[in-house]
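Student: Before I ask anything, let me first share the structure, which is written out below as structure tokens.
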Amino acid sequence: MLDAQQRISFVFFQSEGDILGNQALFAAKLIDEFPHGDHIWVRGLNHSSIHEWSSYCTPQDWLDLEEYQQFKRDCAKERLRLQQEFGKPFLNTEYMLKWQKYKDTYEMNENLLSKALLGFLKGKLPKSFQS
């Protein structure tokens with residue numbers, strides 16, 4: 001049983017390819033619905049690979065909560081810009097590829113996620129990973 005006086009810390013790892021957030025059109029990601037605590041959003045990983053230790057031992061592109069929110073805003077602005085350039089409220093394949101390239105080349109932090117996880121388990125999440 002948890003003691004109400006006890007302080008519990010959490011760190012959330014959110015994969016870009018999160019099947020729970022991506023499987024339904026309007027399903028939100030945890031990072032969007034629970035914007036509290038320390039979040040680490042990782043580009044390129046999916047629901048399975050984010051659980052694999054090897055993913056934590058190779059450099060990954062990642063964003064903290066505030067950086068992720070800015071990334072979402074910048075991607076939405078780029079999509080609107082591309083829609084205006086294309087002249088339609090949707091994007092054809094060519095423009096979807098341009099938008100995907102924008103997202104894929106967006107500048108992110110790069111580091112070993114193991115530093116975040118091991119630091120958190122020791123009771124001190126490294127400052128660079130804190131939201």
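Student: Hey, can you grab everything whose amide H is under 5 Å from the amide H of residue 14? Only 5+ residues off in sequence or another chain; H modelled, so Pro and N-termini drop out.
Tutor: Residues meeting the criterion, in which the H sits 1.01 Å from N, are 40, 41, 42.
Student: Within the stretch 31-75, find all residues whose amide N lies under 15 Å from a label point positioned 7 Å from the Cα of residue 10 along Cα-to-beta-carbon.
Tutor: In the stretch 31-75, the label zone of residue 10 (backbone N under 15 Å from the point 7 Å along Cα→Cβ) covers 31-41, 65.
Student: Give the percent of DSSP beta bridges with both residues in the chain that are antiparallel, rounded to the nearest 5.
Tutor: On the way: 7 of 13 bridges.
The antiparallel proportion sits near 55 percent.
Student: Just add up the charged neighbours of residue 124: K/R +1, D/E -1, any other residue whose Cβ is under 13 Å from the Cβ of residue 124.
Tutor: Computed value for this residue: +2.
Student: Let me ask you something else. Students often get this wrong, so try it: which of [x] 75, 32, 24; [y] 51, 30, 20; [z] 57, 32, 25 is Cα extents along the principal axes in Å as calculated from the structure shown?
Tutor: Answer by label: [z].
Student: Please work out the Cα convex hull volume for the stretch 59-111 and give it in Å³ per residue. All intermediate terms of the calculation are to be shown ahead of the outcome.
Tutor: Values: hull volume 3.7 nm³, N = 53.
Residue-normalised Cα hull volume stands at 69 Å³.
Student: On to the next question. Placing +1 at every Lys and Arg Cβ and -1 at every Asp and Glu Cβ, with all other atoms neutral, what dipole size does the stretch 48-131 have around its Cα centre, in debye to the nearest 20?
Tutor: Working: 13 positive and 12 negative charges, 41 e Å.
In total the dipole reaches around 200 debye.
Student: A follow-up question, please. In the stretch 11-123, with Lys and Arg counted as +1 and Asp and Glu as -1 at Cβ, which of these residues, 45, 57, 76, has the Cα nearest the positive end of the dipole, that is, farthest along it?
Tutor: Ranked along the dipole, the leading option is 76.
Student: Could I ask something else about it? For the stretch 32-75 and the stretch 84-131, what is the separation of their Cα centres, given in Å?
Tutor: Here the answer is 7 Å between Cα centres.
Student: Still on this structure: Given 0.36 nm per residue, what is the gain on full extension from residue 78 to residue 47 after removing their alpha carbon distance, in nm?
Tutor: Details: separation 31, 0.36 × 31 = 11.16 nm, distance 2.63 nm.
That works out to 8.5 nm of additional length.
Student: Where does each of 96, 108 land when they are ranked from fewest to most other beta-carbon atoms within 10 angstrom?
Tutor: Numbers: 96 13, 108 17.
Least crowded to most crowded, the residues run 96, 108.
Student: Note down the net charge around residue 50, summing +1 for each Lys or Arg and -1 for each Asp or Glu among other residues with Cβ under 14 Å from its Cβ. Please report the intermediate quantities before stating the final value.
Tutor: Values: positive: 29, 43; negative: 16, 18, 52, 61.
Computed value for this residue: -2.
Bear in mind that the values in this text are calculations on the coordinates, not laboratory data. What you see is a predicted model, and the numbers here were worked out from it, not measured in a lab. Cβ atoms come from the backbone with ideal geometry, glycine included; neighbour counts cover every protein chain shown.
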